[in-house]
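Notes to accompany the following structure.
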Amino acid sequence: MGAPAQKTINSTRKRIKNKAITIGEVTVKPGEAKYIALPLPGLYSHSNIHMPVHVISGKEAGPTIFVSAAIHGDEINGLEIIRRLKNSKSVKRLKGTLITVPVVNVYGFINKTRYLPDRRDLNRSFPGSEQGSMASKLAHVFQANITAHCDYGIDLHTAAVSRDNLPQIRAVLSNDETKELAKAFGAPVVLNSPLREGTLRETAAKTDTKILLYEAGEALRFDEISIRAGVSGIINVMRKIGMLPKSRKRDKLESAIAHSSQWLRAPQSGVLRTTIPMGNRINKGDVLGYICDPFGEVENEIKAPVSGMVIGRTTLPLVHEGEAIFHMASFDELGEAESVYETFHNHVGPEDESVAKNDEPIIY
Ligand SMILES: [Zn+2]
């Protein structure tokens, strides 16, 4: 199932030289790696602000891919994923060009918040414009300098504050190539996710840049499993598109493909006790948890409205009526495993030495 481009290069044994790439005012030639700082609107404190970019240009030709994180400024798992990716042994044998942007929404990152100082959501502001709002200008810088160069992109997210996501890829599965890439990543779940107006994914689709969105873990926290799965997932995708040599490992994790999802909302205000872990197979009618008043006088069971799996949930047990508490995905078929998360956990297990230098795991 190798990418056709790689087959051609291998079979002719001809080494096609990579092209130089110019981002901002910096040109990165084949075989070079450079940091680039893209100017952004400064702060009112008279401080200059830049978007940090790192480019690795392989000696041989291949696709150009970006990996971006913290488009929502408080979603920081991707920062660590990019650090490990950039330092991994694999990328030294890169064909094509790898562009990493660990902090896209620099302002939100500084303030430890999802949004920009003008309270806009950057991921609703694409493609942006030079004359627009602060969010619009920032989106334009990313669109013009990063996405416009790329055949592929992987955008790294987490759940919002006080929510947790099972590692999952979100993508438009009606596009066959995107679906193959989504499966190649090897997350426990792939969720079909229609394009939303103003998102990076929607804008990229118009210029035929194939985008995967990786969601895993919680805002403002590092989660070792989500990080490790993110690094190996990106490397799996780069292998699939011929940027890296194929893996010799045979046991690939099959993702469960979810066609749709829905949020369950709290039927009453109160204290929530969750009783089902994320990633477990669930049948319609199963109890996922309980909401009660502090004395336990009035208690409501939260039952699954459909069969499937919890792929996201609140981590804060204090809820108001109507608040989203469980994100449930529905599947056409859900394999044999009782828990995709357990299978995945075992699979991610020890660090793949061909992929990374062995970083010590982050433990809380
Ligand atoms: Zn996000």
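Could you tell me the relative contact order of the range 261-332? Use alpha-carbon pairs under 8 Å, at least six residues apart, and round to a whole percent. Averaging sequence separation for qualifying contacts and normalising by length gives 42 percent for the range 261-332. Mean-square fluctuations from a GNM of the chain, with a 10 angstrom spring cutoff on Cα atoms, peak among Gly322, Gly217, Gly242 at Gly322.
Applying the criteria of a DSSP loop state and at most 11 other Cβ atoms within 10 Å to the trypsin sites (Lys or Arg not before Pro) of the range 57-138 yields Lys89, Arg119.
Among residues other than Ala258 with Cβ under 11 Å from its Cβ, the summed charge is -1 (Lys and Arg +1, Asp and Glu -1). Can you compute the helix-only [θ] at 222 nm over the chain? Use -39500 (n - 2.57) per DSSP H run of at least 4 residues, normalise by all residues, nearest 500 deg cm²/dmol. Value at 222 nm, helices only: -6500 deg cm²/dmol. Derived scalar couplings between HN and Hα for the range 192-209 equal 5, 9, x, 6, 10, 4, x, 8, 4, 5, 5, 5, 5, 4, 5, 9, 6, 8 Hz in order, rounded to whole Hz, by the Karplus curve 6.51 cos²θ - 1.76 cosθ + 1.60 (θ = phi - 60°), x for Gly and Pro. Sorting His140, His46 on solvent-accessible area from highest to lowest, probe radius 1.4 Å, gives His46, His140. Take Lys179: with every protein chain present and a 1.4 Å probe, its accessible area is about 70 Å².
Using the Karplus relation 6.51 cos²θ - 1.76 cosθ + 1.60 with θ = phi - 60°, the per-residue 3J(HN,Hα) values for the range 312-324 come to x, 6, 6, 10, 9, x, 9, 10, 9, 3, x, 6, 6 Hz, with x marking Gly and Pro.
Bridgeable aspartates and glutamates around Lys17 (alpha carbons under 17 Å apart, same-chain partners fewer than 8 residues away excluded): Glu32, Glu60.
Taking amide H atoms as placed 1.01 Å from N in the peptide plane, the amide H of Glu323 lies under 5 Å from those of Ala266, each 5 or more residues away in sequence or on another chain. Distance between the C-alpha centres of the range 152-223 and the range 60-114: 14 Å, rounded to the whole angstrom. Relative contact order of the range 51-134: 39 percent, from C-alpha pairs under 8 Å at least 6 residues apart in sequence.
Expressed as a whole percent, the accessible area of the chain that falls on carbon and sulfur atoms is 50 (1.4 Å probe). If you take the Cα centroid of the range 315-334 and the Cα centroid of the range 126-143, the two points sit 33 Å apart.
In this model, which of Lys34/Lys246; Lys59/Lys210; Lys34/Lys179; Lys92/Lys183 are farther than 29 Å apart at the alpha-carbon? Going by Cα-Cα distance, Lys34/Lys179 fall outside the 29 Å limit.
Pairs of alpha-carbon atoms within less than 8 angstrom and 6+ residues apart define the contacts here; what relative contact order does the range 4-253 have, in percent?
RCO, the range 4-253: 20 percent.
Using a/c under 1.5 as the rounded threshold, could you call the chain rounded, prolate or oblate? The axes a ≥ b ≥ c are square roots of the C-alpha gyration tensor eigenvalues, and prolate needs a/b larger than b/c, oblate otherwise. It comes out oblate by the Cα gyration axes. Protein heavy-atom accessible surface, 1.4 Å probe, per residue over the chain: 48 Å². Only protein heavy atoms count here; on that basis, with a 1.4 Å probe, Asp223 has an accessible area of about 60 Å². In this simple spin-label approximation, Lys249 and Asn111 carry label points 7 Å from Cα along the Cα→Cβ vector, and these lie 4.0 nm apart. Within the chain, DSSP assigns beta bridges of which about 65% are antiparallel (rounded to the nearest 5). Couplings 3J(HN,Hα) of the range 132-141, computed from phi: x, 5, 4, 4, 5, 5, 5, 4, 5, 4 Hz, in residue order, whole Hz [Karplus 6.51 cos²θ - 1.76 cosθ + 1.60, θ = phi - 60°; x for Gly and Pro].
The alpha carbon gyration tensor of the range 94-170 gives principal lengths a ≥ b ≥ c with a/c of 1.5 or higher and a/b no greater than b/c, which makes the shape oblate.
The values are calculated or read from the model by the stated rules, or taken from the named source; none is laboratory data. What you are looking at is a predicted structure, and each value in this text was computed from that prediction instead of being measured. In this analysis, Cβ positions are derived from the backbone assuming ideal geometry, glycine residues included, and neighbour counts consider all displayed protein chains. Heavy atoms of the whole protein, side chains included, go into the accessibility calculation; ligands, DNA and RNA do not. Shrake-Rupley method; radii C 1.70, N 1.55, O 1.52, S 1.80 Å.
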